[in-house]
Amino acid sequence: MGRGTGAVSPSVISAVSSGAHPSNSAAIELLDTAGESGLTFRALAERLATGPGAIYWHVAGKDELLGAATDAVVAGAMTADTADTTPQDAIRALALGAFDAIDDHPWIGAQLTRAPGQSPMMRVFEHIGRQVQALGVPAADQFTVASALWSYILGVAGQNAANARSAPPDTDRAEFLGAVSAVWANLDPDEYAFTRSVAGQLCEHDDREEFLAGIDLILTGITAGR
């Protein structure tokens, strides 16, 4: 496919999937190490041992390249084997796959929110939606239920990734949370009674476990309402 057609083509996916390591494309490696600003056609050409012109033939611009890289990562995250599991367990597996993908590649969160109607977002929505159907949710409610799960997964995972990106590179998580916890514990006892009461839990919480607990709360609500 030539330049300027707009959609992410198979040739583009192939181009960004041909890195030195089979699980990582050259584009993804650049994004992980240098961020969006480091993903240039020249840098990618060097990784692929080719010329920028060869990449321009397949990719209309940087946005399309970012979209292809995002799609490749999300597609890999949606490969959990859900054939012999309950819909609830399948949703948990898919949700954790998305969470881990965004945690490992924080730049994905921003990319997903920029293109809500394009392939990467729709992969997540489709996989979640199929499991919502398997739960026996009435057809009239399936869009709402799938959207709630979709929004929670991308919202929490994206915020977690944003927090990681905003912290200095050598930040010690335990020390950081301990400092925030101390601030919470010293808030005004009348205005922030609840926040003070959970300050200690902030130090000990596991982001992945808390994320999955939220999924379970949603699933409990779905099944209780049937």
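Throughout, read-outs are computed from the coordinates displayed, never taken from laboratory work. Bear in mind the structure is a predicted one, so any value in this text is a computation, not a measurement.
Using a ≥ b ≥ c from the Cα gyration tensor of region 147-226 (square roots of the eigenvalues), is it rounded, prolate or oblate, where a/c under 1.5 gives rounded and otherwise the larger of a/b and b/c decides, a/b for prolate? Because a/c hits 1.5 or more and a/b fails to exceed b/c, region 147-226 counts as oblate.
Quick check on region 178-225: take the gyration tensor over C-alpha atoms, sort the square-rooted eigenvalues as a ≥ b ≥ c, and tell me if it's rounded (a/c under 1.5), prolate or oblate. Oblate, because a/c is 1.5 or more while a/b does not exceed b/c.
Please state the shape class of region 67-226: rounded when a/c is under 1.5, otherwise prolate if a/b exceeds b/c and oblate if not, all from the C-alpha gyration tensor. Mind dumping the intermediate values first?
Details: a/c = 2.32, a/b = 1.45, b/c = 1.60.
Judged from the Cα gyration tensor, region 67-226 comes out oblate (a/c at least 1.5, b/c at or above a/b).
How much length is gained if the chain between Thr113 and Thr79 is pulled fully straight, taking 0.36 nm per residue apart and subtracting their Cα-Cα distance, in nm to one decimal? Display every interim value, and only then the final one.
Working: separation 34, 0.36 × 34 = 12.24 nm, distance 2.15 nm.
Extra length from Thr113 to Thr79 when fully extended: 10.1 nm.
Each residue of region 132-148 was assigned a 3J(HN,Hα) from its phi angle through the Karplus curve 6.51 cos²θ - 1.76 cosθ + 1.60 (θ = phi - 60°); the sequence is 4, 4, 5, 6, x, 5, x, 3, 5, 9, 5, 4, 5, 5, 4, 5, 5 Hz, with glycine and proline shown as x. Based on alpha-carbon centroids, what's the gap between region 102-158 and region 167-200 in Å, whole number please? Each part reduced to its Cα centre gives a spacing of 31 Å.
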